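A short write-up of the structure that comes next.
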Amino acid sequence: MEVPDIRFTKSGDLNIGYQRFGTGPDVVVIPPLVSNIEIMWENELWRRALEFAAQHVRTLHFDKRGIGMSDRSEQHPTLEQRIGDINAVMDAEGIQRASLMGLSEGGLMAQLFAARHPERVDRLVLINSLPGASAWRHLGQYSETPIPALEEQVARALHLAETWGRDPTLLVEWFMPSQRENAAFLRWIARYQRQTASPADFRRQVESVLSLDATDSLSSIKAPTRVIHIAGDRVVPVAAGRFLTARIPGADYVEIEGEDHFCWVMPHWRRIADAWIGFVIGTVPSARSERSFATVLFTDIVGSTERAGTIGDDAWRLMLESHDRIAWKTIDGHRGSVVKSTGDGLLVTFGSPSNAVACAAVLRRELASIGVAIRGGLHAGELVVREDGDVSGLAVHLAARVAQAAQNGAIYVSSTVRDLLLGGDQKFADRGEHALKGIDGSWRLYQLSQ
């Protein structure tokens with residue numbers, strides 16, 4: 001799907017940035033401590049969850065005041081201002097009543113909003129959430145293991161401000177340990193940090209949330225509520241989810257294995273998506289792999305190991321960040337979908353071969369302008385789209401082998417892609433028959449000339 005337009009609405013004196021997308025019942029997402037509704041679309045792990053949700057519900061996402069696309073303020077927002085921001089984005093889109101999904105600290109805002117404005121809340125979903133600091137002392141009775149001291153967790157959060165935007169490893173290790181070995185994700189999350197908040201903005205958010213508490217309001221929540229918590233959450237202990245379930249009348253509870261606080265990046269993200277979407281729409285989304293026809297593009301940076309050794313780690317990291325930004329912009333512009341990073345390259349799918357070939361040509365040219373040479377390979381065929389968003393099948397395997405056959409800086413296509421584009425503007429040079437590892441027979445490959 002195309003990235004939704006960013007809109008703005010006034011809440012008091014500040015502009016609040018938001019997006020609305022998808023089809024189905026309305027769901028207002030109350031974001032966690034930090035967010036950026038524009039940058040979140042530039043990572044395949046974030047995006048797969050957003051696009052999956054858009055198939056089942058109509059989502060209203062916004063950035064809280066002081067964060068992301070919304071206006072900054074030097075003052076800590078009051079409870080009334082925070083709740084006013086939710087009212088403002090709902091009013092801007094003419095939404096009188098919707099389900100609320102609160103993520104992490106956003107769950108605290110969602111609890112308070114549901115208690116104060118029951119007429120506007122259809123259903124309430126709380127994911128890895130906590131009602132406030134006063135509840136911390138009660139968590140021990142809901143846990144089989146010791147609960148870390150609240151002061152320790154707060155100090156750790158404030159320490160994040162010291163590394164914010166420069167070294168993402170602390171954030172990923174604490175919030176998303178499943179991605180600690182994903183180099184492309186680490187590069188992207190560092191950019192996400194910088195585009196979301198300055199270190200001072202982040203510190204203000206941490207300090208301001210400590211003043212909020214919904215513990216005394218939980219018993220007055222009337223909306224049907226589902227609490228979802230990751231069992232090994234390192235930021236908000238799972239006991240917090242159990243506490244919420246015990247205090248909110250009629251709430252039900254889903255506990256899912258894992259460690260990630262930002263759980264939509266986990267390999268089994270569909271379990272979380274199914275749990276909250278099923279609660280909102282009344283039926284669990286179908287769990288099945290699908291077959292579809294697509295053009296597959298693999299890219300790879302030429303001589304990446306040697307180049308990194310020549311220019312040094314810091315310069316190489318900055319170059320890779322530039323590669324990622326240019327790649328996402330170019331792929332989005334050609335209606336492609338990034339499936340995953342493959343180390344120093346990407347796996348991308350397209351609905352049409354012409355878009356795929358055009359994208360490969362532009363991407364090679366744009367990256368060459370910053371001194372990055374790539375090679376690429378394309379094949380078109382039927383593939384399997386798995387539940388986790390990954391793709392598999394012979395078409396994927398063949399595209400990878402075509403890319404490996406490409407000489408330095410070349411874009412190779414299979415005879416299938418070339419035949420599909422006969423009569424078009426693209427020009428190809430015949431590069432003869434190739435035996436591709438793991439593929440029966442020989443394949444005639446062509447080099448993109450432009």
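The values are calculated or read from the model by the stated rules, or taken from the named source; none is laboratory data. Everything numeric here is computed off the predicted structure, so don't read it as measured data. FYI the Cβ positions are ideal-geometry reconstructions off the backbone, even for glycines, and counts take in every protein chain you see.
Quick notes on this one:
- Looking across the stretch 233-279, the residues that are among the acidic types (Asp, Glu) and either touching an Asp or Glu at 6+ places or on another chain (Cβ under 7 Å) or in a loop (DSSP other than H, G, I, E, B) (or both) come down to Asp233, Glu257, Glu259, Asp260.
- If the condition is being surrounded by 23 or more Cβ atoms within 10 Å (Cβ to Cβ) and of a type in the set (A, V, I, L, M, F, W, C), then the stretch 403-420 contributes Ala403, Ala406, Ile411, Val413, Val417.
- Condition check for Arg234 on (1) crowded, with 20+ Cβ neighbours inside 10 Å; (2) within 20 Å of the chain's Cα centre (by Cα); (3) not small (Gly, Ala, Ser): one failure, at (1).
- Just one residue in the set Ser286, Ser217, Ser292, Ser208 is assigned to a loop (DSSP other than H, G, I, E, B) and either without any contact (Cβ under 8 Å) to a residue 24 or more places away in the chain or among the small types (Gly, Ala, Ser) (or both); that residue is Ser286.
- Among the residues of the stretch 425-441, the ones that are exposed (fewer than 13 other Cβ atoms within 10 Å of the Cβ) and part of a loop (DSSP other than H, G, I, E, B) come to 6 in all.
- Taking the criterion of being surrounded by fewer than 20 Cβ atoms within 10 Å (Cβ to Cβ), over 22 Å from Asp26 (Cα atoms) and charged (D, E, K, R), the residues of the stretch 248-285 that qualify are Glu255, Glu257, Glu259.
- Residue list for the stretch 400-424, restricted to those being part of a strand (DSSP E or B) and within 17 Å of Leu363 (Cα to Cα): Ile411, Tyr412, Val413
- Some residue of the stretch 389-399 being of a type in the set (Gly, Ala, Ser), assigned to a helix (DSSP H, G or I), touching a residue at least 40 places away in the same chain (Cβ under 8 Å) and closer than 30 Å to Trp269 by Cα: yes
- On inspection, Asp324 passes the criterion of being touching a Lys or Arg at 6+ places or on another chain (Cβ under 7 Å), in contact (Cβ under 8 Å) with a residue 60 or more places away in the chain and assigned to a helix (DSSP H, G or I).
- Check on Arg444, assigned by TED's automatic domain parsing to the domain that holds Val296, part of a helix (DSSP H, G or I), out of contact with any Cys (no Cβ under 8 Å at 6 or more places or on another chain) and of a type in the set (D, E, K, R): no
- Matching option when the condition is surrounded by fewer than 21 Cβ atoms within 10 Å (Cβ to Cβ), part of a helix (DSSP H, G or I) and β-branched (Val, Ile, Thr), among Val357, Val384, Val362: Val362
- Residue within the stretch 144-151 that is surrounded by fewer than 20 Cβ atoms within 10 Å (Cβ to Cβ), in a loop (DSSP other than H, G, I, E, B), at pLDDT 90 or above and acidic (Asp, Glu) present: yes
- Asp332, sole failed condition from (1) assigned to a helix (DSSP H, G or I); (2) crowded, with 21+ Cβ neighbours inside 10 Å: (2)
- Flag if Leu130 is within 18 Å of Ala251 (Cβ to Cβ), buried (at least 24 other Cβ atoms within 10 Å of the Cβ) and in contact with a strand residue (DSSP E or B) (Cβ under 6 Å, 6 or more places away or on another chain): no
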